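Trainee: Please see the structure below; I have some questions.
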Amino acid sequence: MSSNGTPLPRFLDEAKSLACIHCGLCLGSCPTYLETGNENDSPRGRIYLMRAVQEGRLPLGDATVRHIDLCLGCRACEAACPSGVHYGELLEATRDHIEHRHHRSVFQNFLRRILIERVFPHPSRMKLALWPARLLKRAEAGHLFPKFIQDSLALLPAEMSEGNLPEVSPALAKRRGRVGFVRGCVMNVMFGSTNENSIRLLNRAGYDVVTPRDQGCCGALHAHGGNLAAAREAARVNLAAFGHEPLDAIVINAAGCGSTLKEYNHLLPGDPKAAEFSAKVKDLSEFLVSAGFHNTAFTARPPAIKVTFHDACHLAHAQRITHAPRILVKAVAGANFVELPESDVCCGSAGSYNLTEPAMAERLQTRKIANILKTGANCIVSTNPGCLLQMRAGLDRAGATHIETLHLADYLVRALA
Ligand code: SF4
Ligand code: SF4
């Protein structure tokens, strides 16, 4: 009960919130704790805060919200936790609770409710919003604006290509099956050629690829930002779009979207279609490796450049996929592959985090770039658009323009004979 006798809203799953035994084994893997050293910026501290809010021992004040806002949602803590704490679910439920009850500044409301929730998930709106930003970037006029605008412009890629994806793209090798393809929102506006290359790889692996026209945003931006109702609505749109025909798998090349698609069964508990959909979702790297693509496809000589790999948080921690992309990169690079120190520590992108929390995002970006420079690599490969944009901007700022940033699909297509 609250102090005025009204029942407190129960936003956390009680059993899941009690699974944390406060052992602290997750602390060393938490990027924000590594940076601030503050227990309240650690997974253990945040779970304590969430429970204190739920139990009415702590008001939902600015200080509490600040520690939850600063969480990247990277889920490195989940991968490190011996008790199997579902931190991502606790965080999403807490953020949903916060967004319904906490007063935010006009600027933060604009970022969260308008830009992130109403512009980014809609490709036509995103293209319109990017048009003046691209003009400013081309005119090199960013320095006339505040730092936030300068940092946002730095994230825009020099070249953007919109994906021209056919509804059905037939197999280019002995036919092995039929898969669906999720084109993504940011991916198809900024990395359209990467989407085309992803389909090319799947066709070369022997699969017809279906890209339903009526698919929509996966809902990740809404779920991570504390709008679970909108995330559920997005999930229902995609269940309908991919439900028209039998598919062997539903393939996605963006790690952040992939983890949300694999968790539609949690977003819509008890819905058999959501469970069936989630079970079919595969990251491009895991699907290609399960199809043996790394053994058969590369006849081009490995390019003589040193290559390293950055683990996107939502691939390594949320989906626990670390081997498959490395198998594919090594199939091309051979002895030219070099491991990246702290490869699975967040680069600061974290979906839209680099817009809502630019200071911490920049600290983590600087840390990531320092590690990339240590490898001596000329090329860094990853599997998430946000990470690629964040690392590109950081490398440019560090003057390391000679280091290429590539999505795994582009890296593989370039190496095909
Ligand atoms: S999700 Fe990432 S930033 Fe948040 S508590 Fe877990 S490890 Fe730390
Ligand atoms: S989240 Fe897991 S690893 Fe971290 S303190 Fe709780 S039980 Fe330990």
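Every number here is computed from the coordinates shown, using simple stated rules; none is lab data. Note that the structure is a prediction, hence the values are computed from the model and not measured. All Cβ positions, even for glycine, are placed from backbone atoms using ideal geometry, and neighbour counts span all protein chains on display.
Trainee: If I take every Cα pair under 8 Å that is 6 or more residues apart in the stretch 300-416, average their sequence separation and divide by the length, what percent do I get for the relative contact order?
Mentor: Dividing the mean separation by the residue count of the stretch 300-416 yields 32 percent.
Trainee: OK, next. Hey, in the chain, which Cys have no second cysteine's beta-carbon closer than 4.7 Å?
Mentor: Cys20, Cys23, Cys30, Cys71, Cys81, Cys185, Cys217, Cys347, Cys379, Cys387
Trainee: Could you work out the local net charge near Phe120, counting Lys and Arg as +1, Asp and Glu as -1, over the other residues with Cβ closer than 13 Å to its Cβ?
Mentor: Result for the local shell: +4.
Trainee: What are the semi-axes of the equivalent ellipsoid of the stretch 168-289, taken as the square roots of 5 times the eigenvalues of the Cα gyration tensor, listed largest first and rounded to whole Å? If you can, show how the numbers build up before the last one.
Mentor: Values: eigenvalues 114, 49, 26 Å².
Values for the stretch 168-289, descending: 24, 16, 11 Å.
Trainee: List the lysines whose Cα sits under 21 Å from the Cα of Lys16, skipping any in the same chain fewer than 8 residues away.
Mentor: Lys262
Trainee: On to the next question. Taking a temperature of 37 °C and a viscosity of 0.692 mPa s, what whole-number D in µm²/s does Stokes-Einstein yield for the stretch 14-101 with Rh from Kirkwood over alpha carbon pairs?
Mentor: This corresponds to a translational diffusion coefficient of 256 µm²/s.
Trainee: Another question, if that's okay. Relative to the longest principal axis of the chain, what angle (0 to 90°, nearest 10) does the C-alpha long axis of helix 87-101 take?
Mentor: 60 degrees
Trainee: So, one more: Would you calculate the separation in nanometres between label points at His402 and Arg175, each defined as 7 Å from the Cα along the Cα-to-beta-carbon direction?
Mentor: Each label point lies 7 Å from its Cα, and together they span 4.9 nm.
Trainee: What angle do you read, to the nearest 10 degrees and between 0 and 90, between the alpha-carbon axis of helix 192-204 and the longest principal axis of the chain?
Mentor: Approximately 60 degrees, to the nearest ten.
Trainee: Sorted from largest down, what three extents in whole angstroms do the Cα atoms of the stretch 142-197 have along their principal axes?
Mentor: Its Cα atoms span 55, 16, 15 Å along the three principal axes.
Trainee: In addition: Would you be so kind as to identify which of Phe120, Pro166, Cys185 lies farthest towards the positive end of the dipole of the stretch 118-196, taking Lys and Arg as +1 and Asp and Glu as -1 on Cβ and the Cα centre as origin?
Mentor: Result: Pro166, furthest along the dipole toward the positive end.
Trainee: Can you find, among Gln54, His224, Leu412, the residue farthest towards the positive end of the dipole of the chain? Put +1 on the C-beta of Lys and Arg, -1 on that of Asp and Glu.
Mentor: Checking the options against the dipole of the chain, the answer is Leu412.
Trainee: Quick one: compute the contact order of the stretch 14-101, relative version, from alpha carbon pairs under 8 angstrom and 6+ residues apart, as a percent. Present the calculation step by step, with values, prior to reporting the outcome.
Mentor: Numbers: 82 pairs, mean separation 31.0, N = 88.
Dividing the mean separation by the residue count of the stretch 14-101 yields 35 percent.
Trainee: Work out the length of the dipole vector of the chain about its Cα centre, built from +1 on the beta-carbon of each Lys and Arg and -1 on the beta-carbon of each Asp and Glu, and round it to the nearest 20 debye.
Mentor: Result for the chain is approximately 580 debye, rounded to the nearest 20.
Trainee: Excluding Glu99 itself, calculate the net charge of residues whose Cβ lies under 15 Å from the Cβ of Glu99, where each Lys or Arg counts +1 and each Asp or Glu counts -1.
Mentor: That works out to +3.
Trainee: Exceeding 30 Å between C-alpha atoms, which entries from my cross-link table qualify? They are Lys174/Lys280; Lys174/Lys330; Lys137/Lys280; Lys127/Lys282.
Mentor: Checking Cα-Cα distances, Lys137/Lys280 exceed 30 Å.
Trainee: Please sort by residue number the trypsin sites (Lys or Arg not before Pro) in the stretch 185-253 whose DSSP state is loop and whose Cβ has at most 16 other Cβ atoms within 10 Å.
Mentor: Here the trypsin sites (Lys or Arg not before Pro) that fit, given the DSSP loop and packing criteria, are Arg213.
Trainee: Viscosity 1.002 mPa s, temperature 20 °C: Stokes-Einstein D of the stretch 362-417 from its Kirkwood Cα radius, in µm² per second?
Mentor: Details: Rh = 11.6 Å.
Approximately 185 µm²/s, per Stokes-Einstein.
Trainee: Please give the per residue volume of the convex hull enclosing the alpha carbon atoms of the stretch 269-417, rounded to a whole number of Å³.
Mentor: 116 Å³
Trainee: Over the chain, with a Gaussian network built from C-alpha contacts below 10 Å, which listed residue (Glu357, Glu196, Glu167) shows the highest mean-square fluctuation?
Mentor: Glu167
Trainee: If you don't mind, another one. Which one of Arg183, Arg44, Arg125 has the biggest mean-square fluctuation once the chain is modelled by GNM with Cα springs under 10 Å?
Mentor: So, out of Arg183, Arg44, Arg125, the one fluctuating most is Arg125.
Trainee: May I ask you to derive the relative contact order of the stretch 168-289, considering only C-alpha pairs under 8 Å and at least 6 residues apart, and to give it as an integer percent?
Mentor: Relative contact order of the stretch 168-289: 28 percent.
Trainee: By how many degrees, between 0 and 90 and to the nearest 10, does the Cα long axis of helix 385-397 differ from the longest principal axis of the chain?
Mentor: 90 degrees
Trainee: Quick check on the stretch 1-150: what does the Kirkwood estimate of hydrodynamic radius come out to from the alpha carbon pairs, in Å?
Mentor: One decimal place: 17.7 Å for the Kirkwood radius.
Trainee: Take the chain, connect every pair of alpha-carbon atoms lying under 10 Å apart with a spring to form a Gaussian network, then pick out the residue of Asp62, Asp396, Asp283 with the largest mean-square fluctuation.
Mentor: Asp62
Trainee: List the lysines whose Cα lies under 18 Å from the Cα of Lys374, skipping any in the same chain that are fewer than 8 positions away.
Mentor: Hits, sequence-local ones excluded: Lys306.
Trainee: Right, here's the next one. Dividing the alpha-carbon radius of gyration of the chain by 2.2 N^0.38 Å (N being the number of residues), what value is obtained?
Mentor: Rg over 2.2 N^0.38 Å, computed on Cα atoms: 0.97.
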